[in-house]
Amino acid sequence: MSDYKPIYFEYFEVYYGKEINLDNFEFPFSKNDTYFCVFNPKTMKKIQFRLSLKEDKKWIEVEELWNYKESQEIYITRYLHSIYDDSICQFNHIDGSINVYMNKEYNKRYASQISSHANSHIKLWLIKGLIDIKDWAKLILYYFDDYDLLIDAFTGKLTEEIFEEELYRK
């Protein structure tokens, strides 16, 4: 029995997914008409956010962008739209979609903030009702592909800081 090694802690993420700790959640809900981005300099992947005020509610848009390649003809990205009500500190609308871009449009989109329109926008799901901030964050973590980039956004580690860290490492 000296070779016995419990595996339930080592393989927890395989069976149950990553543990989500949102204790240091710092998402800038207080800002309006703001764009920000998290970026992985190794993969060139980015997740962009747009916060805007419409009809006294905060609209939060999120889109996950893959690295642009000249040889790729079609790009499919995940997009999320949500509406946050400051008066009750909860969301009342969240929907997930995919955006389909042809190469030329994606090249423009990759180089800009969330404002360009895709060649096709397909809504996949919609949640209406009250959703608290931590449940909204968990939903986004499960919907988008890059867990680590989203945790960076949720803990205030935005693009400019990531670039500074990379510069200091060299």
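Assorted remarks:
- The base-10 log of I(q)/I(0) for the stretch 34-155, evaluated at q = 0.09, 0.18, 0.23 Å⁻¹, reads -0.25, -0.97, -1.47 [Debye formula, identical scatterers on Cα atoms, solvent excluded].
- Of all accessible heavy-atom area on the stretch 91-139, the percent that carbon and sulfur account for (1.4 Å): 57
- Fully extended contour minus Cα-Cα distance, from Asp148 to Asp85, at 0.36 nm per residue: 20.0 nm
- Solvent-accessible surface ranking, highest first, for Tyr35, Tyr110, Tyr142 at 1.4 angstrom: Tyr142, Tyr35, Tyr110
- Met102/Thr43 FRET efficiency (R0 22 Å; Cβ-Cβ; nearest 0.05): 0.50
- Linear extension gain, Lys128 paired with Lys69, 0.36 nm per residue minus alpha-carbon span: 17.6 nm
The values are calculated or read from the model by the stated rules, or taken from the named source; none is laboratory data. Computed from a predicted structure; not experimentally measured. No Cβ is skipped: glycine too gets one built from the backbone with ideal geometry, and neighbour counts run over all protein chains shown. SASA here: full protein model, heavy atoms, side chains in, ligands and nucleic acids out. Shrake-Rupley method; radii C 1.70, N 1.55, O 1.52, S 1.80 Å.
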